[in-house]
Structure formats: C-alpha cells, structure tokens
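Asks: Dumping the structure here so I can ask a few things about it.
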Amino acid sequence: MCGIAGYVGHFEPSLLGQMNRAQGHRGPDGAGEWHDGEAGLAHVRLAILDLSPAGAQPMADATGRVVVSFNGEIYNYRELRTDLERAGVVFRGGSDTEVLANLLAREGRTCLPKLNGIFAFAAWFVAERRLLLARDAAGVKPLYWAATPAGRTFASELKAFRDLPGVDWSLDHAAVSAYLTLLYAPGELTPAKGVSKVPPGAWMEWTAAGEMTRGTFAAPHYSQEIQPFTDGQAAEACRHYLRQAVKRQLVADVPLGGFLSGGVDSSAIAHFACAALGDAARYPCFTVGSADLAGLSSEGFAEDHPYAELMARRLGTPLHDAVLREAALADLDGLVWTLDEPTADVAAFTAHAVCREARARGVKVLLSGAGGDDLFTGYRRHVALRAEPYWDWAPRPLRALLRRSFSGLKASSPAGRRLGKLFRYADADPAERLAAYFLWIGQDTLAPALSPALRQSLGADRPVGQLLRSLDGLPEGVSRLNQMLHLDRAHFLADHNLNYTDKMAMACGVEVRLPFLDPDLVAFSERLADARKIRGTTGKRVLRQALQGVLPDEILTRPKAGFGLPLRQLLHGIYGARLRELAHSGRLDATGLFSGPGVIALLEADARGEIDAAYPLLAVLCLESWVRQFAGR
C-alpha cells in the first residue's frame, strides 16, 4: 500500500516531490521519484512486502523496459513470479512490485486479468513512450487523473493536484447533486470538473504525443450462468472460496490483524484467519469500544461490542477497543481533507479510529468484512426489493396511493424512515425504482436548500442517471436482485465504502484488505440463484449455511448492524449548530451551491420528523468544507 503520482507532458520535475509530500501519509516508510523529460513517476511507500531497499519505487523491470509506480498488493504474485523465473527472469528482491514490472515488460496490459489483488499503478514503457494506468476490478484502490495545458497527471488522492498549475477546480454540479442525494459521486465524477476517477477494472494509456486510449480488463458483472447448486453444494463451495480468499490475503512481512464488529462477515474472516495462521494471538482484532455517545438504539442500531467480545473469546484472539468520542466527530474539516471528497458518512470516523488503534499497536495490515453485503445481500434495500412482488402487481394509481400514504409517516423513528423509503418510488418504472433505493433524499425535497444557480444548472439531470446507465451495461436476463447487487458493488461499495476506508486507513499508515472481494469468491457469488442469497427477511443465506457450526449461533442470528454512530443526535447537536452558524453568516450562500434559509428549513423539518434529511444535511456541511479547502472559496 502506497501513494502514486506522476505525469506525461511538459511539467516541471519538481512537481513530483510536491505531489509526494501531499500524499506523504500514504507512505511513511520511504519516497522516490523518477523522470526522463516527457514523463515522471512519484511514489511514497508503506512497506508490507520485502521491507528492504529492493522494494523501493519507482521500480524498473530487469531489462529497463518498464518503470512502475504501484499502490496495492498482488496476492498471487508468488505464482506469477514462478512462471517468470521459468521464463528466465532474474529477480533482485522479493516484492510483488518487481513481479508486476517484469510481467508488464513481457506482456503489457494483456497481463491485467491475471492479477489477483487490490491495486492502482502507473507503468511507463520507455521505448514506446507511453504510460499505462490501471485500477483493480473491485475499485479498492483509488486513482484520479486530470488534463492540464501542460499534459496529463495522475495521483492516488485529489490533494496531490491541489497546487498543480492548470487543474480545473471549478465545481461539477452533477457531482455536487450526487453527494447530496447518494452521498458519493458515481462513476468517473469528482467534485472538481477537471479531475476524474479511473473506473474499477479499467485501464488508460497516454502517449508522449498526447494521445489517449482506454478500455476495461474486468469481465462484466453477472455475465456467468446461474448454477443449480443444492444447499449442501452451495454451502461447501462458499466455505471453500472464503477460506481460500482469507488465506491468500494473509501474505505480509509485517504484523496483521482484523476488523471485528461481531457480525457474520468480520467474524467469518477472523475465524478463517486464525485457522490459517495456526495461532489466534497472531491475529489481533479491533472494534469500536466506548464511543462516549448515547442514543444508538434510537437510530435502529444493535450494539456490536458484546458480539465482538463473544467472537474474540471463542477464537482466543486479542480484542482491542478503539475509543471514539464526540470531540473527534466535530472535526468535519479534517474528515473532508482526509477523504479528498465530501463524503457524508460518519462511519468514516469509526474506520479511522480502528485503523489508528491498530497502527498504535504495531499492526500495519487489517482484514475487513466489507463486501459481504454487496455479494450475498445484507442491506435493508435487498429485503425491500424482495418484498416488491407483494405489491408490484397493483395498478400504478394504487401504487401512487401507497407512496402518498407512507410518505406521511414520522421520519423520526427507524420504522417510519424505512417504510417511507420503501414506498417513496412505488409508482416509478422498475429501473427508476431500483436506482431510487440508493437515494437518501428526493430532489424535490432537497430543491429549496439549493441555490437558484445550482437548480438551473442541474435542470433535468438526475443523480440516478449514472446508476441507470450502469444498469444498461449488464448482460440480458440479469435478475432484479443481481441488478441491485451490481449497483451496490459498482457504486455504493467502490465509490463510497471502499473510498472512505482506503483514505482513512492510509491516513493512519494501515493497509485494509477485503477477502470477500477475492475474484474467485466474487465469481462464485454471481453463479448463485437469488434464493441462495436471500429468503424472506434473511440475507446471506448461503453464507449463514456455510458457517453453521463454524460461528456461534448468536453471531449467525444477530440483527444486521455495523460500526454505527447516532448521526441524527449529532445533527441536532454539534452539526446543527454548525449549519446554523454557516447559514446566518452567509457562508452557505457564498459557496454558490446553497440557500442558507432553505438549508435551515430542511434542518427544522428533519427535527419535526417530517422528513429524513440527516445524511443530506451532513453532506451540506461536507460540501461547504470541501469548497473552502479544495476550491478556495
């Protein structure tokens, strides 16, 4: 895990050091630069494999044909190295980066489908005068790029572009709308018009002559045929692939451990990790301890800590508490700066607290259960989608009546919020309704909080437009549940959860790995029939069957939870006070995005329980912070 940056074009080489310093937190163990006039590569290193100088980057292959700046891990690098050695390649060290450099030198981008790992990298082909960028299929590692008058530039984080001349930091209004309604910018969007994301599973090539080509190397989601597994076959296969994934991702030359919420996903990973290591003491686990916050039950969260303790006792692994206090949650400027994007999710604070505690105890690698819900179901929207046949037969006028009837429920209770959201788009077309499950607020409800200029700019543009276009890329015949899981993986996971996890972890000098996103486990999940994933209100059906007798029954049957925080309590406490201050001082209006009075009206409607606008209102605070820190307004 590291930070990468660089350029192709007519830039000053001194910019490489500047970009490295902006991303220095990603690589506390070293830094390097390389340039040859038309191209430059920069790297900051978090040493995980081959801690010696032989692992330093940028790194050339044995022939000097390719120079690489690499961020991530290739879990099958040993197998790939063996093949290269058989072909006559002589290695200087033991890193996966050296394997990648030599593989690229021999095969170019055709090698990309062979890589099992999490990565973002840049490779300069010296003789061909071209740069290859690539990002892993799941989108675990971030990669941004920008075009300027001097050429094109790339980096792991937006802040690396902050002081580069020619980068367009004007606001992308479509992205702003998405941050307010989805909480993330889907696809290639970022808050800045001049900066884009490289999509997961994609590659780009830039030549010194200014040409750009691009494509994908990852197979489309859900392109495999559904298999008629029996219960026993599905459970056995699921257990095999998960065990294999965890074992693959334990490769490291530094201490490692894991997140442990006491949920099914993190508990399963902890079990298989301890079994593979043969010593539970070698796999310390980390959870959120006393948060110094009351009111979790009012937000619909179940308490994690007793379950995490239960699982840790069962395994015999050390369990360490990461304490999170309200004072830390007040630093939204710090949150936004670390995240690079105005991501409005307090879960990022818990990720940071856990990673900070792990690093303080000498652990540089953590395994996470993220991705389990996105492969095997687990979110409330999956249950809601499966309930659609019970009312979807109704004529549209009757469905419109359902929408109107449930929209009047009090949003101050978890049940009211969920029922209101379930039927908010009951009379919409099927694709629209599917995408709308991902919205936190309707555009009509949000509109009075936006400036007239922003409303006019957006026009008929809708945040779900990118999601609908993403659905268009699926093969024919994909079930509605798998369509939703595709949106979960392509956007909610890649553009939101994985993004904030990477940024918060790397700010602490910690690498987070995700066994559920192992390619073989992902491919297995795509071959499962819907009924193997969810039945009634119970998600992860096959996973629970696979873990019968492996995990305690209390873990397998507990309610869905996570590292939760009482956002609504904060909204009508420190965050609400901040919104009022910004509105009354005119600073919300000064962004050009918001109407201060409209934002306060939204806040007051939320307090009365008329609407649920907690996350969108937090997004207003995060956007104001981003505009001030990145766009200089």
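Asks: Modelled label-to-label distance, GLN233 and LEU468, 7 Å Cα→beta-carbon offset: nm?
Replies: Here the modelled spin labels are 3.9 nm apart.
Asks: If you don't mind, another one. If Rh is defined by the Kirkwood formula over all Cα pairs and Rg also comes from Cα, what ratio Rg/Rh do you get for the range 75-128?
Replies: On the way: Rg = 10.8 Å, Rh = 11.6 Å.
Taking Rg over the Kirkwood Rh, I get 0.93.
Asks: Going Cα to Cα from LYS193, which aspartates and glutamates come in below 19 Å? Please leave out same-chain ones fewer than 8 positions away.
Replies: Cα-Cα hits under 19 Å: GLU157, ASP163, ASP168, ASP172, ASP340, GLU341, ASP461, ASP495, GLU624.
Asks: Same structure again: In what sequence do THR557, THR207 fall when counting other Cβ within 10 Å, fewest first?
Replies: Ordered from fewest to most neighbouring Cβ atoms within 10 Å, THR557, THR207 come out as THR557, THR207.
Asks: Whole-Hz ³J(HN,Hα) for each residue in the range 212-228, computed from phi via Karplus 6.51 cos²θ - 1.76 cosθ + 1.60 with θ = phi - 60°, x for glycine and proline: what do you get?
Replies: Going residue by residue, I get 9, 10, 8, x, 10, 10, 8, 5, x, 4, 6, 9, 8, 7, 5, 9, x Hz, with x marking Gly and Pro.
Asks: What is the chain's relative contact order, in percent, from Cα pairs under 8 angstrom and six or more apart in sequence?
Replies: 17 percent
Asks: Would you mind computing Rg(Cα) / (2.2 N^0.38 Å) for the range 2-216, counting N as its residues?
Replies: Ratio of Rg to 2.2 N^0.38 Å for the range 2-216: 0.98.
Asks: Same structure, new question: Taking the range 109-181 as the region of interest, what is the percent of Cα-Cα pairs per 10 angstrom bin, listed from the shortest bin to the one with the maximum distance?
Replies: All Cα pairs, binned at 10 Å, distribute as 15, 37, 34, 12, 1 percent.
Asks: In a shell of Cβ-Cβ distance under 15 Å around ALA529, excluding ALA529 itself, what net charge do Lys and Arg (+1) and Asp and Glu (-1) give? Intermediate results must be reported in sequence, preceding the final value.
Replies: On the way: positive: ARG386, ARG480, ARG527, ARG532, LYS533, ARG535, LYS540, ARG541; negative: GLU225, ASP231, GLU526, ASP530.
That works out to +4.
Asks: Moving on. Residue by residue through the range 108-117, which ³J(HN,Hα) values in whole Hz follow from phi under the Karplus form 6.51 cos²θ - 1.76 cosθ + 1.60 (θ = phi - 60°), with glycine and proline marked x?
Replies: x, 6, 5, 7, 4, x, 7, 7, 9, x
Asks: Quick one: which of 369-376, 585-592 comes out on top by average Cβ neighbours within 10 Å, and what's the full order, highest first?
Replies: 369-376, 585-592
Asks: Per-residue counts of other Cβ atoms within 10 Å, averaged by peptide: what ranking do you get for 444-452, 521-529, 481-489, highest first?
Replies: Ranking the peptides 444-452, 521-529, 481-489 by packing returns 481-489, 521-529, 444-452.
Asks: Would you be so kind as to identify all helices of the chain, as entire DSSP H runs, whose Cα atoms reach 18 Å or more along the helix's own axis and whose mean Kyte-Doolittle hydropathy is at least 1.0?
Replies: Correct list, ordered by number: 264-277.
Asks: Further, regarding this structure: Any chance you could list P(r) for the chain, counting all Cα-Cα pairs in 20 angstrom bins from zero, rounded to whole %?
Replies: Going from the shortest bin to the longest, the percentages are 19, 55, 25, 1.
Asks: Using 10 Å bins from zero, what percent of all Cα-Cα pairs in the range 522-630 falls into each bin?
Replies: 12, 30, 17, 17, 20, 4
Quick note: the coordinates plus some simple rules give every number you see, no bench work behind them. Quantities reported herein were computed from a predicted structural model and do not represent experimental measurements. Cβ coordinates were reconstructed from backbone atoms using ideal geometry, including for glycine residues, and neighbour counts include every protein chain displayed.
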